[in-house]
Amino acid sequence: MKLAAIRPITLALSRELVLTALLLLGVSVVVFVILYLAPGDPFSVLLEGQTPSHEARAGIREALGVPKPWYAQYLSWLGGLLRGNFGTSMRTGLPVFGELVRVGFHTLYLTLGSMLVTLLIAVPIALRSSVRGATGLNWPLTMLAYLVSALPVFWLGYVAIYISIHQFGVFPLISRVSASAGPTWLYALLPICVLGIGNGTLSEIVRYLREEMSRVMVEDYIRTARAKGASVWRHAFKEGFLIPMTEIIAAKIPFILGGAVIVEQVFNWPGMGRMAWQAAQDRDFPVIMGIAMLAAAWVRVGSLLQRVVYVAVNPRASKEGRRVGRAE
Amino acid sequence: MKHYVQVASEAGESSDRPVWKDADTLDLAYVGYGLLIVTLVLVSYVLGAFKWLPYDPEYIRVDLLNAPPGSAGHLLGTDFLGRDILSRLIVSIQAYFLPGLIAIVISLVLGTGLGTAAAYRGGKVEVLVTYFNNLVDSFPRLVLILLVIAAFKPDIYYIMVVVGVTGVPVCASLVAGKIRFLRQKNFIEAAHVLGLPTHVIVLKHILWHHCTPLLVIQATLGMGEAILIETSLSYLGFGVQEPTPSWGNMVQAGANYFFQGKFWPSTAPALAILSTILGFHLLGDGLNSILEGKRGT
Amino acid sequence: MGAPLLEIENLRTYFYSPGKQAFVRAVDGVTLAIARGETLGVVGESGSGKSVTALSSMGLISAGPGVISGTIAFRGDEGERHLLQGLEDYVTLHERDGRIMEVSKDETGWQAHVERVMAPVRGKGIAMIFQNPRSALNPFVTVGHQITEAIRLHTPTKDPRDAKARALDWLERVKMDSPRLRFDNYPYGLSGGMCQRAMIAMALSSEPSLLIADEPTTGLDATIQSKIVGLLAELKSEYKIATMLISHDIRVISRLADNVAVMYGGTVVEYGPAPDVLAARFNPKHPYTAALLASIPSAQNVRDHGDLSAVEGEVPDAIDVPRGCRFYARCNRVTDDIRNTCARQEPELREVAPGHRVRCWLYGE
């Protein structure tokens, strides 16, 4: 019995894996096509202010693999990606892969931390209002969630910086890396909180969790659980909390990464977002390509993890094949 | 002769009572505030287009820097170059309005098309549309925009095309969900049995009669998104360039003075962003609750 | 015989309908009693308040701001409890013209109070089985785990392995085929009938004093229905557990019940021993019961190709409750002598034979 139960789950999971791989392939095509269509030579920025000889131009073309037809270019680029070769930055000349790993970790701290902050605020509000129904506190909390999600995150950042300078005497604009002397977590805390509150997903997370929890609370099987004197929370946990939580987190990863671009700019945080901003200004193609790929990969991996949880938790998942999770 | 009542009726849809009679007071307040903001945006757009402004938004007054609101005829004060903030706020709408509309049109047209195709044809088309939606959703919007900026140039129309395309999946899945719901009620099949041509069914009976509220709501929310993206980009320095004002670059320009305790030049545009985005969100959610019977936050 | 196990007196459960801005009188003055070992059948159309009566006794009324009054005394193994005691503290009513104009309720306090009072009763004192068993079982938890949970919560068996053995035992007693296999199954893999057997096993495994079966055969195929009724009959003769059996199906009631309460419009209109109440030709009886009995196809009818009669008219509006007899508008046995009384005054439940009471002016003074 146990063995027979495992097989559909493995099947469902391998289907998800294949889907993720196909989507990442699509992502690489999109990124490539956008940059392939770009006007002008990608390296003209690099040679700005010089008038290179014809030979030099051809040599650089050769080095960048430009003269090949587009599909050959794509395949060699993709082959490079798969071997971890993302090219070298046009601005710094460093290999992009190493740079990505370095900034990727900084952004990972920032996004995971801020996700935690968002959830610490959203979950209690959602649970409270779904279990207790409309109470006096409900309306102000709702309004607050609306206000916060409409707040421009950069301005929120300024307010936070101002308060930290004038109230606590801490200047949070020194990047985490260079502030080796002081307590680094203090510098990290402020941007994390600002992104956690201001990433614009707060009110949607509250709403989604509350809707799902309220929907589950009136299910027949919850009534059965109450009738037999069992813990309602334990019976409602999987469908009412775990599944919607993972769904909404996976769905909101892109938004938080987008918010990170701005918060990193405000706080001078040495992450992917700041690097993307720099690369967009310099038209540093290998870097921006690498960042786009990495960001998309995060989104897909988040989504994959959500599916893994869903399939593991829901005995019906391997049979019914629910549409790939989008929180609506 | 026997009359059949239309089967596909949803809450409140089939009755002749105007919808707002049954609506929640709170939802009406949301919609009221949202409509006020929409009106303000439209009026500001017209004022800016005809240059009916209290001051020239780019006129520099060295004698009156960072003036507080209400001083010397400047209703909302002046910025770090002594330029009138009110005029600059009004003119900023120019930067959002048309590009925002373009983004919305792209989202709605593409989204409706894909959503209809997916739900109507099903099978392979549906798989492809789902793939497309997931593909677009894989990119953080701002990262995709930075990619396009790097590849092309920081042009607001390119950017709004990206915003439009990234808005497609939400719209497509909402429309597809709606059509699936209608299919369950068999009334599309009934229309086929009656011999109506497919395009009439899709355009008139499905999209016009049942999806209009949904599309209006999406348009509203989409406008809010477009404004938020534009302000973010202006803040990052890729949107509207100084001296032409936009809310994003106004916040950014005021930032240095913010830390010196001169909050206003940066806060005024931030409040404009806040109240406008809030207006579009509340309008969308209020309409959603009233027209579609879905409870918002 | 002593005091009954469960005694419901003058139970009223009203729901608020925001659309109509009025209270719906789902249950409006129900009085019932169940003795130890007795099976009480509660029968009536949908909307007559049978299920709401059961849910009120379990403190499971959660839909919106409901108001409950009356007394429910439950005398289980742990002594007598009054299940509705103290609830009135959380509600204030203002009534005008028989319609409640304004009600304020401390929802949070009410709910917390209900949970406090009901905690020792649910599962242990009173267990419940529901209609549509496939949705009543938790789809995310194996059948076996749901039964062992009840055992470990309510019986001295706490060890997981012992509990599993007992659960398997119960699955066998409810005639589940291949119980060891089903133990590890999730409800979605089981048929409706198997799910209901699992539900019954789960309810009985906590060894309750009273079992409430709310439409246990509704939502099942016809052949499965009769098997489940058969199982309930066997369990009844074997364990002698007191049961409140709620059904709209008179055949189910007649097979299992010792006493029958016929409900109409939120009240009990007839109450008595099952053979008397359900005997087709027994007189006197309430016109509604007579109409209900006439609407079941019996072997006799089928053989004679006789007409089946439906109960004319519709269930009365539970908001504007008629002032007179609730059944007056649909009654086909009103005589000219009593017509005025029927329209103006609600009849009492009056004893017409020993232990048999009817709420009808036909049997008045």
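The values are calculated or read from the model by the stated rules, or taken from the named source; none is laboratory data. Computed from a prediction, not measured in an experiment: that's the story for all the values here. Don't worry about glycine lacking a Cβ; one is built from the backbone with ideal geometry, like all the others, and counts go over all protein chains shown. For accessibility, only protein heavy atoms count, side chains too; no ligands or nucleic acids. Shrake-Rupley method; radii C 1.70, N 1.55, O 1.52, S 1.80 Å.
Express in nm, to one decimal, how much length is gained between C:GLU80 and C:ARG251 on full extension, taking 0.36 nm for each residue of separation and deducting their alpha carbon distance.
Extra length available between C:GLU80 and C:ARG251 comes to 58.2 nm.
Assuming R0 = 60 Å, can you tell me the calculated FRET efficiency for the pair C:SER237 and C:ALA343, based on Cβ-Cβ distance, to the nearest 0.05?
That gives a FRET efficiency of 0.85.
Please work out how much length the chain gains when fully extended from A:LEU94 to A:ALA21, using 0.36 nm per residue of separation minus the C-alpha to C-alpha distance, in nm with one decimal.
Gain on stretching A:LEU94 to A:ALA21: 23.5 nm.
Note the full-extension length gain between B:LEU101 and B:LYS153 as 0.36 nm times their separation in residues minus their Cα-Cα distance, in nm to one decimal.
Contour length minus the Cα-Cα distance gives 16.7 nm.
Hey, got the average number of other protein chain Cβ atoms within 10 angstrom for residues in A:250-258?
Counting other chains' Cβ atoms within 10 Å and averaging over A:250-258 gives 4.
Quick one: ranking C:GLU149, C:GLU88 by accessible area, 1.4 Å probe, largest first, what do you get?
C:GLU88, C:GLU149
Using a Gaussian network model on chain B with a 10 Å cutoff between Cα atoms, which of B:ASP84, B:ASP285, B:ASP63 fluctuates the most?
Looking only at B:ASP84, B:ASP285, B:ASP63, the biggest GNM fluctuation is shown by B:ASP63.
When the gyration tensor of the stretch B:130-225 is built from Cα positions, what are the square roots of 5 times its three eigenvalues, in whole Å, from largest to smallest?
Largest first, the stretch B:130-225 gives 34, 13, 12 Å.
Based only on the alpha carbon positions, what is the Kirkwood hydrodynamic radius of chain B, in angstrom?
Evaluated over chain B, this radius sits at 21.4 Å.
Dividing the Cα radius of gyration by the Kirkwood radius, what Rg/Rh value follows for the stretch B:145-297?
Reported Rg/Rh, Kirkwood definition of Rh: 1.14.
Between the stretch A:89-131 and the stretch B:242-297, what's the alpha-carbon centroid distance in Å?
24
Per Stokes-Einstein, at 25 °C and 0.890 mPa s, what whole-number D in µm² s⁻¹ belongs to the stretch A:99-319, with the Kirkwood radius over Cα pairs as the hydrodynamic radius?
Using the Kirkwood radius from Cα pairs, D works out to 128 µm²/s.
Calculate, axis by axis, the spread of Cα positions in the stretch A:189-328 along the three principal axes, and write the results as whole Å, longest axis first.
Principal extents (Cα only, largest first): 65, 34, 21 Å.
How would you order A:311-317, C:213-219, C:343-349 from highest to lowest mean count of nearby Cβ atoms within 10 Å?
Packing proxy ranking, top to bottom: C:213-219, A:311-317, C:343-349.
Rg(Cα) of chain C divided by 2.2 N^0.38 Å?
1.03
Over 20 Å between C-alpha atoms is what I'm after, so list which of C:LYS240/C:LYS285; A:LYS228/C:LYS158; B:LYS178/B:LYS204 land there.
C:LYS240/C:LYS285, as the Cα separations exceed 20 Å there.
From the helices alone, meaning DSSP H stretches of at least four residues, give me the mean residue ellipticity at 222 nm for chain B, per-run term -39500 (n - 2.57), in deg cm²/dmol to the nearest 500.
My calculation for chain B gives -22500 deg cm²/dmol from helical runs alone.
Using a simple spin-label model with points 7 Å from Cα along the Cα→Cβ vector, what separation in nm is obtained for A:VAL29 and A:SER231?
My value for the distance between the label points is 4.8 nm.
Label points 7 Å out from Cα along the Cβ direction at C:THR155 and B:GLN184: separation in nm?
4.0
Across bins of 10 angstrom width beginning at 0, how are the C-alpha pair distances of the stretch C:209-300 distributed, in whole percent?
15, 48, 33, 5
According to a simple spin-label model (label point 7 Å from Cα along Cα-to-Cβ), what is the distance in nm between C:ALA222 and B:ALA72?
9.3
Mind checking the per residue accessible area of the stretch A:99-319 for me, 1.4 Å probe, whole number of Å²?
37
Which entries in A:LYS238/C:LYS164; B:LYS185/C:LYS227; C:LYS50/C:LYS236; C:LYS164/C:LYS236 show an alpha-carbon gap greater than 32 Å?
Listed pairs above 32 Å: B:LYS185/C:LYS227.
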